[in-house]
Amino acid sequence: ITALSGGGYEVAFQDNTGSLWTVGSAGNSQWRLGMKAGVGVSIAGLSNGGYEAAFEDNTGGLWTVGSAGNSQWKLGMANVAPAITALSGGGYEVAFQDNTGSLWTVGSAGNSQWRLGMKAGVGVSIARQ
């Protein structure tokens, strides 16, 4: 769940058929995108009042969806939920563990493969700049 800058909230979750949903003050969307079973979704409220969600799809790839646009990043993930944050100047950034065990960040502030190994199964965090 995330608070929206104009008031209200938005929730992202995996439904009982394995698909992504977002519901709340910004509207309800059944995205019809399959999610990796057992891996969470992250959501951030953006400075423009919208939101963006990040998740691992059912083929192991990173997706972001929401009012900032929808992107299939074509980057493999390691079955660990990504983290997403809104940027103070607009946009968002996502941090995640790729399928080789390395840290990545992608989004409005640029994309970086940090070439830093991560312990398998351990999540990431990211904060607003």
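Is one or more of the residues making up segment 22-42 of a type in the set (K, R) and either in a loop (DSSP other than H, G, I, E, B) or in contact with a Cys (Cβ under 9 Å, 6 or more places away or on another chain) (or both)?
So the first thing to find is which residues in segment 22-42 are of a type in the set (K, R), and the list is 32, 36.
Cutting the leftovers down to either in a loop (DSSP other than H, G, I, E, B) or in contact with a Cys (Cβ under 9 Å, 6 or more places away or on another chain) (or both) gives us 36.
Yes, because at least one residue in segment 22-42 is of a type in the set (K, R) and either in a loop (DSSP other than H, G, I, E, B) or in contact with a Cys (Cβ under 9 Å, 6 or more places away or on another chain) (or both).
Return the total of residues in segment 79-98 being under 19 Å from G34 (Cα atoms), open to solvent by 30 Å² or more (accessible area, probe 1.4 Å) and not polar (S, T, N, Q).
1
Taking segment 99-129 as the search range and keeping residues that are out of contact with any Gly (no Cβ under 7 Å at 6 or more places or on another chain) and among the hydroxyl-bearing types (S, T, Y), which one is least open to solvent (accessible area, probe 1.4 Å)?
Once the filter is applied, the top-ranked residue is T105.
Tell me, which strands (runs of 3 or more DSSP E) wholly within segment 51-120 include 3 or more residues that are within 22 Å of G8 (Cα to Cα)?
Numbers: elements: 51-56, 61-66, 71-76, 83-86, 92-97, 102-107, 112-117.
Of the strands (runs of 3 or more DSSP E) lying wholly inside segment 51-120, those with at least 3 residues that are within 22 Å of G8 (Cα to Cα) span 51-56, 61-66, 83-86.
The values are calculated or read from the model by the stated rules, or taken from the named source; none is laboratory data. Values in this document were obtained by computation on a predicted structure and should not be read as measured data. Every residue, glycine as well, gets a Cβ built from its backbone with ideal geometry; the counts of neighbours run over all protein chains shown. Just the protein is used for accessible areas: all its heavy atoms, side chains included, with ligands, DNA and RNA removed. Shrake-Rupley method; radii C 1.70, N 1.55, O 1.52, S 1.80 Å.
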